[in-house]
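The next block holds one structure in the form of structure tokens; read it before the comments.
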Amino acid sequence: MAPRVAIIGLASDFGCQVQVTNMEDHLLDVLGLMDLSYWQLASSGHLPDEYDVAVIEGAVTTADHAEALLKARETAAVVIAIGSCAITGGIPALAGTADYDARYGVVYGDGVAVARGRQLPAPVSSVIEVDYHVPGCPIDPAEFVTVLSRAIMGLKDDMPRDPMCAICKTQENVCFLDRGRACLGLVTRTGCTAKCVTLGRPCTGCRGISPEANIPAARLVYAEKGLDPLELDRLFDLYNAAREVVV
Amino acid sequence: MFFRVIDKERLPDLVTGLSTEYEVIAPVEKDGRFVYAPVVDPGDVRLDYDTTLLPPKKWFFPAEETLMRFRVADNEVLDDEVFAAPRVLFGLHPCDINALLLMDNVFTGRYADPYYMRRREQTLLIGVSCSPSDTCFCNVWDTNEVHWGFDVFLTDMGDRYFASCRTVKGAEILDRFVENRTVTDEDTREFQRVVHDFKDAFDRSVDTTQLPVLLDAKFDSPIWDEFGEKCLSCGACSMVCPTCYCFDVHDRLEPDQKSGVRVRTWDSCQFKEFAAVAHGQNFRDTRASRVKYRYYHKQWGYLSKFERVLCVGCGRCARACPAGINPVNVIEALQTGEVR
């Protein structure tokens, strides 16, 4: 029997769910692998009481989100986090880099409660254990399919761990650091074939900080290349502002 | 060996002629640096290049290649053919030809690799003389000279090239595609002068006396920890190295899960998982140990097997390493006990 899959969105722009619909060539193949019980973006139904795989997009920003995650963890045998928001806190976590309450007030007005139990934006892993990860902003649909099929087959999560420079070299890109421009590739989790650098933009770290990153050494590299060593830390804020709580 | 002389202004004819029967790969400019890429217009070929971002190994052992396709239902192999078009690699420097000879020891030896072999057999190599760059140190290993492994080697003599044909095929393509003449005594004298000047120009000094002994004596040196602190574990050094041959193999299923591909990708000994084995054991758990074993393999392990170090001094790692770790400063640090 095909596993029952629920796709649940928290705080995000739903871009990763859109990416799944973007894979026209393979969408039917992928849908054929599962019994899609609930897809927040593409259906008007309600989250069912039972399903096997929870696919979570978005950061945790309210108590409702946290509750939904606990329920999903209890219900599903497998939890897959997709996208930067879910995995590192992503862009939503940027809100926590200064006085969060003050920022909230600027956007929504003082004393206005638009969400019950709002909290500092945080990754899914700060609330529940995550079994599989599809990092990136947005996700690469092909990677989503690979991870989903690994989950369905019961293979272990195989999220790449190493920094990005190696794959960037294979694309024969001229290094941004050598041109005196800040790039996060040297500390960012690989697996995206260095698409941004290949297209002429430095890496912004959307796949999260590599668990093998040598951050003190990377700061020294920045200094050596004539950049401010702390620029590295500032650049992290875009996608990795909640780096202290990423599990 | 046959020798011919080609007027410099006639050289584009060779590229044009070869293009009628081969895919011609040559150094071309990319964002202010150089890459080996297919060329059609001989005007794109840049024989004044210093070095390329990736070495020529990618044309024999690509960064990613499909080894076979398979069907899931019955585990049947559907396709493991190696297709290799006739190709000419044009404009290789001596270091890169020497590097291919070192790769051959691994890929065409006891466990010959059919994918590498097939491409190697289908590819002609045309070398060209070079001049020292800021980062190369080929003279340290004597790899700025190449005696075999090429079909034709072109030595730049100002207005003409002295063409050494190492293979019959090499002499044939010259005779077929470019106007050339036999060598005169004056050409030979000029050749002798040019190659001596060339060797004199390489003056990078690194003391490699009894290097394996030095490595053994310094096995527990704290300098490895210092390099470990600098290393980013990014693997850039291995990717750009013309003699790094380690790879990983993965099976990937197609989205319909009915068939899949077995893929080979370049790997790096600087990645933590490189030496991870079952049960979570890892023989190279620390950055320091990974940097150390990179050098032990290159300057000791390979040497003990093939009587050459696994380095040709091309200097690509020196350019690519964000942290500035390279064989020259590692060897110097071992000698002085100080990381510069």
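Proximity of backbone amide H atoms, modeled 1.01 Å from N, is registered between B:R166 and B:V152, B:F153 at under 5 Å, excluding neighbours fewer than 5 places apart on the same chain. Taken over the range B:211-336, lysine pairs spaced eight or more positions apart, or on distinct chains, with alpha carbons under 25 Å apart number 11.
If you count, for every residue in B:234-244, the Cβ atoms of partner chains within 10 Å of its Cβ, what is the mean?
Details: counts 19, 10, 11, 3, 2, 8, 5, 1, 0, 0, 0.
Average neighbour count from other chains, rounded to a whole number: 5.
Can you work out the FRET efficiency for the pair A:F14 and B:T208, with r the C-beta to C-beta distance and R0 = 51 Å, to the nearest 0.05? So, using R0 = 51 Å, E works out to roughly 0.30. In this rough spin-label picture, where each label sits 7 Å from Cα along the Cβ direction, the B:D13-B:N329 distance is 4.9 nm.
Expressed in Å, the radius of gyration and Dmax of the Cα atoms of the range A:99-247 are 17.8, 53.
Over the range B:108-266, what is the relative contact order in percent, taking alpha-carbon pairs closer than 8 angstrom and at least six residues apart?
Numbers: 111 pairs, mean separation 24.4, N = 159.
Reported as a whole number, the value is 15 percent.
Counting Cβ atoms of other protein chains within 10 Å of each Cβ in A:174-180 and taking the mean gives 3. Within chain B, which complete DSSP H helices have Cα atoms spanning at least 18 Å along the helix axis and a mean Kyte-Doolittle hydropathy of -0.5 or higher? TM-like helix candidates: B:94-107.
Relative to the longest principal axis of the Cα atoms of chain A, the long axis of helix A:63-75 makes an angle of roughly 60 degrees.
Annotation: cysteines of chain A without a disulfide-compatible partner (Cβ-Cβ under 4.7 angstrom) are A:C16, A:C85, A:C168, A:C175, A:C183, A:C192, A:C196, A:C203.
The distance linking the range A:164-216 with the range B:194-242 is 25 Å (Cα centroid to Cα centroid, whole angstrom). Under 20 Å from a point placed 7 Å out from the Cα of B:S131 along the Cα-to-Cβ direction: which residues of the range B:195-236 have their backbone N that close? B:195-205, by backbone N distance to the label point.
How big is the protein assembly as shown by the Kirkwood estimate over distinct Cα pairs, in Å? Could you put the intermediate results ahead of the total?
Values: mean 1/r = 0.0374 Å⁻¹.
After inverting the pairwise mean of 1/r, the radius is 26.8 Å.
The calculated FRET efficiency for B:E307 paired with A:Y100, based on their beta-carbon distance and R0 = 51 Å, is about 0.20.
Distance distribution P(r), the range B:273-318, all Cα-Cα pairs, bin width 5 angstrom from 0: 5, 20, 19, 20, 19, 11, 4, 1 percent. Taking R0 as 30 Å, what FRET efficiency do you get between A:L155 and A:L27 from their Cβ-Cβ distance, rounded to the nearest 0.05? That pair, A:L155 with A:L27, gives E of 0.85.
Shielding by partners for peptide A:150-163, expressed as the average number of C-beta atoms from other protein chains within 10 Å of each residue's C-beta, is 2.
What does the convex hull of the Cα atoms of the range B:114-169 come to per residue, in Å³, rounded to a whole number?
Values: hull volume 6.7 nm³, N = 56.
Given the Cα convex hull of the range B:114-169, per-residue volume reads 119 Å³.
For the range B:184-285, the list of chymotrypsin sites (Phe, Trp or Tyr not before Pro) that fall in a loop by DSSP and count at most 14 other C-beta atoms within 10 angstrom reads B:F219, B:F283.
For the range A:4-153, how big is the tail of P(r) above 19 Å, as a whole percent of Cα pairs? Tail fraction, whole percent: 52.
Using the C-alpha atoms of the range B:226-333, what convex hull volume per residue, in cubic angstrom, is computed? Provide the component values of the computation, followed by the final result.
Details: hull volume 15.0 nm³, N = 108.
Cα convex hull per residue, to the nearest whole number: 139 Å³.
Mind checking the dipole of chain A: about its Cα centre, +1 per Lys or Arg Cβ, -1 per Asp or Glu Cβ, Debye to the nearest 20? Could you put the intermediate results ahead of the total?
Working: 20 positive and 31 negative charges, 123 e Å.
Its charge dipole is roughly 600 debye.
Taking the Kirkwood radius as Rh and the Cα radius of gyration as Rg, chain B has a ratio of Rg/Rh equal to 1.00.
Secondary-structure-derived ellipticity at 222 nm for chain B, considering helices only, amounts to -9000 deg cm²/dmol, per-run term -39500 (n - 2.57) for DSSP H runs with n ≥ 4. Looking at the protein assembly as shown, the DSSP beta bridges with both ends there are about 60 percent antiparallel.
If I stretch the segment between B:D80 and B:D220 completely, what's the gain in nm (0.36 nm per residue apart, minus their alpha carbon distance), one decimal? Each step should come with its number before you reach the end.
Numbers: separation 140, 0.36 × 140 = 50.40 nm, distance 4.55 nm.
Additional length available on full extension: 45.8 nm.
Starting from the range B:250-340, pick out the GluC sites (Glu not before Pro) whose DSSP state is loop and whose Cβ has at most 12 other Cβ atoms within 10 Å.
Values: sites: B:E273, B:E307, B:E332, B:E338; in loops: B:E307, B:E338.
In loop regions of the range B:250-340 (DSSP not H, G, I, E or B), the sparsely surrounded GluC sites (Glu not before Pro) are B:E307, B:E338.
Between the C-alpha center of the range B:254-302 and that of the range A:37-104 there is a gap of 34 Å. Subtracting the Cα-Cα distance of B:D248 and B:T184 from their residue separation scaled by 0.36 nm leaves 17.9 nm.
No value in this document is a laboratory result; all are computed from the given coordinates. Every value quoted in this text rests on a predicted model; they were computed, and no experiment measured them. So basically every Cβ, Gly included, is an ideal-geometry build from the backbone, and we count neighbours across all protein chains shown.
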